[in-house]
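Student: I am attaching a structure below and will ask some questions about it afterwards.
Each reported figure results from applying straightforward, stated rules to the coordinates on display, with no laboratory input. This is a predicted model, so every value here is computed, not measured. Counting neighbours? That spans all protein chains shown, and the Cβs are built from the backbone with ideal geometry, glycine included.
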Amino acid sequence: MRPLTIRSTLTSIIRHRELVWEMAVRDLKGMTKGATLGYMWILLRPLIQTAAYVVIVSYVFGSRSAREGTTIAYVMYVLSGMISWQMVSRAIEEAPTLIRNRMDLVKQVIYPVETLPLTSLIVGSVGAAGSLIVFLSISMLNGTMQLSWALLPLPAGLLICFTLGLSWCFMIAGTLVKDLREINGIMIGLLVYVSPVVVSEGMVGRELWTVVQWNPLSHVVICFRDVLQGEWHPVSWAIYVTMTALALAAGSAVVTRMKVAVNEYI
Amino acid sequence: MNISSARAARHETEVVVRVEHVTKRFKLYKNIRTGLVKELLFPRRRSDFYKDFTAVSDVSLEVRRGEIVGIIGANGAGKTTLLKMIAGLLPLDEGRIEVNGRVTALLALGVGVHPEFSGRENVLYTGMLLGMRKQEVLTKMSEIIEFAEIRDFIEQPFRTYSSGMKARLLFSVAMSIAPEIVIVDEALATGDMSFVQKSQARIRQLCSSGATVLFVSHNLRQVAELCERSIVMQRGRIVYDGPTDEAAARYVEGVHAQRDLQLWQETEPPDLRRRPLGTGEIHVDDIYFTVDGRRTNTVVIGESCELHVEYSSSRALPSVQLCVEIRSAKSGVTYAFVPSTIPGLLSGRPESGSPFRVTAGKGRVTIAFSRLVMGDGDYSCDVEMFDGSPDFNFSYDRCYCYYQRILRFQAIYREPRYFSRGTMTEIPVDDVRTEVLV
């Protein structure tokens with residue numbers, strides 16, 4: 001049954017690709033319409049956040065390792081982590097309200113709700129793509145280009161599948177239990193401090209690093225960073241691939257089964 | 001019959017929507033906040049947390065290709081729930097629905113509209129949300145704008161449009177699709193008369209091209225003009241399925257039957273809070289209709305009823321005239337019951353058709369109708385009592401009392417055949433002659 005539901009859900013997404021894309025464009029336009037800086041905000045937000053993390057970790061917490069290496073190296077470390085983190089965290093935070101925020105749409109029009117997370121992912125990826133471009137540009141200027149960059153589509157593809165699966169689950173659950181939005185928001189806010197986005201193995205020591213490893217989202221960040229900075233963590237890759245498969249299977253099963261039923265609860 | 005006409009005939013009689021014994025229940029949680037969470041946490045005790053409400057009960061229905069089927073019924077009869085299930089927007093609890101073709105649901109206009117976007121942008125997104133491809137919308141863009149009659153404003157933000165313009169544009173988008181099965185729910189109710197007519201023509205055109213339409217409206221006239229066949233729903237069930245004339249009659253009859261039940265239960269007292277105009281010598285204490293001796297706010301046209309005005313007077317007055325003006329909310333027509341000018345309407349004491357004497361203290365005037373002649377609809381009453389002597393020069397200030405909108409009531413037809421004609425007043429005819437002219 002499982003491969004079938006995954007296939008039918010993905011087929012539906014492919015069939016509605018035009019709608020997904022146009023709705024993403026519409027959301028992006030809608031988000032920035034009327035704002036003076038317009039699209040600039042989408043790019044500025046992750047960069048400002050990166051700067052904030054760098055300042056907090058290296059000066060406020062006074063992490064020795066962060067300051068021992070060059071500041072630029074640490075900035076690049078945080079930036080490479082931010083790219084995947086902001087996509088996953090945004091998806092998890094947004095998913096519970098995806099259906100609720102489009103209540104009129106879902107209730108009145110025969111809307112393929114399974115495409116909502118992808119639309120949201122495309123919107124979210126604009127900021128991440130901005131961060132990626134900044135990262136790649138600085139690396140090229142520094143002469144720290146990596147051959148492994150060619151493999152970028154691999155963690156990116158996994159990221160799409162992982163967040164889709166996760167969003168499907170949270171989207172349906174969030175429609176039924178409104179509190180999920182707050183719970184997810186708080187979780188993400190806390191998890192960033194036990195993730196390899198801001199800390200590295202060398203900075204925190206063995207014990208704390210084990211805690212970081214228990215955070216499932218850490219492996220997404222580690223794998224992305226592997227490709228960007230030319231490292232290799234096979235265990236994280238194995239966990240990432242397994243999580244993606246599970247998320248996709250669970251998500252498509254949930255969304256297939258519940259997408260019509262949730263209309264009763266909104 | 002040759003092969004192609006046989007195929008055409010089969011094509012026309014093909015069932016595109018088949019609803020079989022469908023039942024839909026909704027859970028009404030006792031505590032709307034925690035009900036669902038409790039149900040999820042304690043699945044064994046789930047029935048403690050909600051009550052079932054059956055919105056659609058054992059409904060069966062077949063719709064053939066190219067049919068326009070009207071669906072009528074009071075609010076809460078289950079029309080929208082049924083349509084949503086046909087559109088696949090709600091799951092069924094029992095039964096089966098089979099739909100052959102792409103369904104477009106026009107349950108509400110303006111879905112997915114962004115106020116900051118221009119009319120043109122909104123046309124694109126609305127079209128796509130209704131299931132069209134981008135290219136398809138772009139190709140039809142000029143046709144849509146033309147149909148909506150808002151060419152000059154199409155680049156302006158949608159928020160600057162008048163509500164009529166918004167409705168026209170959105171309806172035009174909806175009508176530009178070439179749907180196989182289209183569900184229209186009240187969406188036609190907006191727009192001016194010529195646009196409504198244009199829209200109806202478009203719906204007819206869609207149907208003749210093979211599309212099937214399910215049309216929900218409370219406007220019986222619209223349904224009668226569009227649909228040959230209609231379904232009447234009452235409390236979640238289909239109570240009639242057949243020609244629209246008969247369906248409309250059944251619906252109105254149903255409404256009347258329900259009203260008859262409520263006729264005696266719902267009486268609304270007069271509104272005496274407002275200060276009356278006039279000199280204040282007389283106060284109205286109560287005003288009400290009675291039918292068969294029972295107090296009511298609903299009178300039946302063509303049947304008997306009595307209007308009672310109870311008053312108290314601070315002193316004895318030799319000649320008092322009473323006038324009751326009633327204003328129709330539906331048509332704006334004002335009628336007046338003036339006993340002295342319509343002899344015979346005033347029954348009992350004092351004597352019919354003339355001003356009456358009032359003693360200090362309480363009294364009552366009863367105006368009786370053996371056969372009430374007036375238009376149907378909701379009415380409000382003004383009551384004035386004034387000096388009945390011939391040389392009295394009428395003004396509101398000089399009245400003994402003048403009450404505005406003191407009582408509300410409704411006049412209904414017992415016979416349902418007058419449905420959908422606006423306010424209808426039957427004028428009694430004294431004589432009819434027939435002649436043969438050579």
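Student: Size of the dipole of the range B:83-190 about the Cα centre, Lys and Arg at +1 and Asp and Glu at -1 on the beta carbon, nothing else charged, in debye to 20?
Tutor: For this selection, approximately 180 debye.
Student: Given the options A:LEU151, A:LEU121, A:LEU159, which has the most mean-square fluctuation in a GNM of chain A, springs set between C-alpha atoms less than 10 angstrom apart?
Tutor: It is A:LEU151.
Student: Report P(r) for the range A:2-265: all Cα-Cα distances, bin width 10 Å, range 0 to the bin holding the largest distance, values in whole percent.
Tutor: 7, 28, 35, 21, 8, 1
Student: Now for a separate question. Hey, got the average number of other protein chain Cβ atoms within 10 angstrom for residues in B:168-181?
Tutor: For peptide B:168-181, the averaged partner shielding equals 0.
Student: Note down the magnitude of the dipole of the protein assembly as shown about its Cα centre, charges +1 on Lys and Arg C-beta and -1 on Asp and Glu C-beta and zero elsewhere, to the nearest 20 debye.
Tutor: Dipole size: approximately 1920 debye.
Student: Run down the aspartates and glutamates and flag those whose C-alpha is under 15 Å from the C-alpha of B:LYS24, throwing out any fewer than 8 positions away in its chain.
Tutor: Within the straight-line limit of under 15 Å, B:LYS24 reaches these aspartates and glutamates: A:GLU264, B:ASP52, B:ASP58, B:ASP93, B:GLU94.
Student: Among A:PHE162, A:LEU47, A:VAL25, whose Cα sits farthest toward the positive end of the charge dipole of chain A (+1 at Cβ of Lys/Arg, -1 at Cβ of Asp/Glu, about the Cα centre)?
Tutor: A:VAL25
Student: Nearest 20 debye, what's the magnitude of the dipole of the range A:2-265 about its Cα centre given +1 on Lys and Arg Cβ and -1 on Asp and Glu Cβ?
Tutor: Value, rounded to 20: 480 debye.
Student: Rounded to the nearest 500, what is the protein assembly as shown's calculated 222 nm mean residue ellipticity when only DSSP H runs of at least 4 contribute -39500 (n - 2.57) each, over all residues?
Tutor: Calculated from helices alone, the mean residue ellipticity at 222 nm is -14000 deg cm²/dmol.
Student: Shifting gears a bit: Quick one: P(r) of the protein assembly as shown from all Cα-Cα pairs, 10 Å bins, percents rounded to integers, in order of increasing distance.
Tutor: Result, from short to long distances: 3, 11, 16, 16, 15, 13, 10, 7, 5, 3, 1, 0, 0 percent.
Student: Going by Cα centres, the range B:124-144 and the range B:153-176 are how many Å apart?
Tutor: After rounding, the separation between the Cα centres reads 14 Å.
Student: With springs only between Cα atoms under 10 Å, which of A:ASN142, A:ASN184, A:ASN101 fluctuates most in a Gaussian network model of chain A?
Tutor: A:ASN142
Student: Could you work out the Rg to Rh ratio of the range B:1-152, with Rh taken as the Kirkwood radius (inverse of the mean 1/r over all Cα pairs)?
Tutor: Taking Rg over the Kirkwood Rh, I get 1.09.
Student: For the range A:114-217, what relative contact order do you get, as a whole percent, if you take Cα pairs closer than 8 Å and at least 6 residues apart?
Tutor: Relative contact order for the range A:114-217 comes out at 21 percent.
Student: Give me the percent of DSSP beta bridges within the protein assembly as shown that run antiparallel, rounded to the nearest 5.
Tutor: Approximately 75 percent, going by the DSSP bridge assignments.
Student: While we're here: Write down, largest first, the equivalent ellipsoid semi-axes of the range A:126-179 in whole Å, where each equals the square root of 5 times an eigenvalue of the alpha-carbon gyration tensor.
Tutor: 34, 13, 6
Student: Under 8 Å for C-alpha pairs, at least 6 residues apart: give me the relative contact order for the range B:203-258, rounded to a whole percent.
Tutor: After rounding, I find 22 percent.
Student: On to the next question. Say each of A:LEU37 and A:VAL55 gets a label point 7 Å from the Cα, pointing the same way as Cα to Cβ; how far apart are those two points in nm?
Tutor: A separation of 1.3 nm, rounded to one decimal place.
Student: Select from A:GLY81, A:GLY189, A:GLY127 the residue whose mean-square fluctuation is largest in a Gaussian network model of chain A (Cα-Cα springs shorter than 10 Å).
Tutor: A:GLY189
Student: Also, I was wondering about something else. Hey, which aspartates and glutamates would be in cross-link range of B:LYS79, C-alpha to C-alpha under 12 Å, not counting anything within fewer than 8 residues on its own chain?
Tutor: In chain and number order, the partners are B:ASP185, B:GLU186.
Student: Taking the simple approach of a point 7 Å from Cα along Cα-to-Cβ for both A:SER137 and A:VAL177, what is their distance in nm?
Tutor: 4.3 nm
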